[in-house]
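Please read the structure below before turning to the comments.
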Amino acid sequence: MKQIGFDEKEIYESAKNSCVICNSCRYCEGFCAVFPAMEKRRSFEWKDIDYLANLCHQCGECFYACQYAPPHEFNVNIPSQFSDIRAMSYQKFAYPRWIGKVFEKNGFFVSIVLLACIFAVFFMAFLSHRADFPLGDYEGDFYRIVPYHLMVWTFGIVGVFVFCALGAGFVRFFSHIQKKEEITSSSICQAFFDAFSLKYLGGHNNDGCTYPKDERSSLRKIFHHFTFYGFLSCFVATSLGAFYEHFLNLHAPYAFLSLPKLFGTFGGISLCIGTLGLFILKLIADARLKSLKTMGMDYAFIFSLFIVSLSGLILMIFRESQGMAFLILFHLSTVLALFIMMPYGKFIHGFYRLGALIKYNLEIKKP
């Protein structure tokens, strides 16, 4: 397999050696789904490592419990080694792969440049389009800055591309790890339940995850819930806005107590809380659990979600001000940049993890 920026073979072989040691020890077999899945195997191919790595939540519980963890010479460090594998999977299964490579080496920097470029294009386009731009009185009407149909076409085209790229990435990953078992509806339903409830972030016996340090805490699960349901709420708000526009002939701006505004406000606040919390936890996390190979895109994705949600809330508060034109263009730029990076970073892991959970729920029902 082609090398993608670091010693791929060494990383996979280190992870395989750790899995063999884990199978001999089995002290951690009740911790999460990773260890029962390991025990189904007597040997490990690279596709098995890809599967197991995307089952792992990187909570660190197995690391702190392991007698063979560093500084032991066996160097068993499942959270860090699997994190390296996940970083490689972002590019290995990406579609098209060359865009994944653009984000590979310095995802955070590339994301900032992408955002700046999109904002510059928007700014120049509307500076030439509107003589009173950017300090005209727009009375809070976004569509006087960015016409509705232009917004729909721009985000529609990017949205279709992102949807296809996410779908192709998922199919590539799932067909890579899953070749034997016949997929059942019960395994799919259980996988969705496990993913949406963040079952394995609850830690062993659901009494907390050992992240960011060797102390049990539910903070990581709570911040993930804020982030996920905040994102979902913002998606609902956007869908409701489109429904109001097309089917109810109700045009923006909407009242604060309207459903699109309520869902959007709740989603924006939840995203701010969740992403800020995850960002801080990642900063203070035990360095032994981290993978430097994932840090760029992980930080880029969390930072982008935070900026999208914060800029959306600021836009809502100051939409009647003369700075509204700047705010709407900046907010739209952050959303478009986030869309483009989704198939090539931390976001795609959610799809890979769902695929890994489907396979896990198929395997555990086998004798």
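The values are calculated or read from the model by the stated rules, or taken from the named source; none is laboratory data. Fair warning: this is a prediction, and the values are worked out from it, not measured in the lab. Here Cβ is always computed from backbone atoms with ideal geometry, including for glycine, and neighbour counts include all displayed protein chains. Ligands, DNA and RNA are excluded from the accessible area calculation, which covers all protein heavy atoms including side chains. Shrake-Rupley method; radii C 1.70, N 1.55, O 1.52, S 1.80 Å.
Mind listing just one residue for me: the one in the stretch 241-250 that is among the hydrophobic types (A, V, I, L, M, F, W, C) and in a helix (DSSP H, G or I) and, of those, most open to solvent (accessible area, probe 1.4 Å)? Show your work before the answer.
Of the stretch 241-250, the ones among the hydrophobic types (A, V, I, L, M, F, W, C) are 242-243, 247-248, 250.
Filter once more, so that each one left must be in a helix (DSSP H, G or I): 242-243, 247.
Details: Ala242: 41, Phe243: 95, Phe247: 154 Å².
Step by step, filter the stretch 241-250, then rank; the result is Phe247.
Against the list (1) open to solvent by 50 Å² or more (accessible area, probe 1.4 Å); (2) under 29 Å from Gln81 (Cα atoms); (3) not hydroxyl-bearing (Ser, Thr, Tyr), the condition Ile314 fails is (2).
Could you tell me which residue of the stretch 195-209 is most open to solvent (accessible area, probe 1.4 Å), considering only residues that are closer than 15 Å to Cys28 by Cα and in contact with a strand residue (DSSP E or B) (Cβ under 8 Å, 6 or more places away or on another chain)? Selected residue: Gly203. On the stretch given as the stretch 318-361, residues that are in contact with a Gly (Cβ under 7 Å, 6 or more places away or on another chain) and either within 15 Å of Gln91 (Cα to Cα) or surrounded by fewer than 21 Cβ atoms within 10 Å (Cβ to Cβ) (or both) total 8.
Meeting the requirement of 3 or more residues that are touching a helix residue (DSSP H, G or I) at 6+ places or on another chain (Cβ under 6 Å), at pLDDT 90 or above and among the aromatic types (Phe, Trp, Tyr), the helices (runs of 4 or more DSSP H) wholly within the stretch 251-345 are 259-284. Here Thr238 does not qualify as part of a helix (DSSP H, G or I), open to solvent by less than 20 Å² (accessible area, probe 1.4 Å) and of a type in the set (Val, Ile, Thr). Taking the stretch 60-89, which residues are closer than 30 Å to Gly100 by Cβ and touching a His at 6+ places or on another chain (Cβ under 9 Å)? Residues satisfying the conditions are Pro79, Arg86, Ser89. Listed here are the helices (runs of 4 or more DSSP H) enclosed by the stretch 1-98 that have at least 1 residues being farther than 26 Å from Tyr344 by Cα, open to solvent by 20 Å² or more (accessible area, probe 1.4 Å) and among the small types (Gly, Ala, Ser): 8-25, 61-65.
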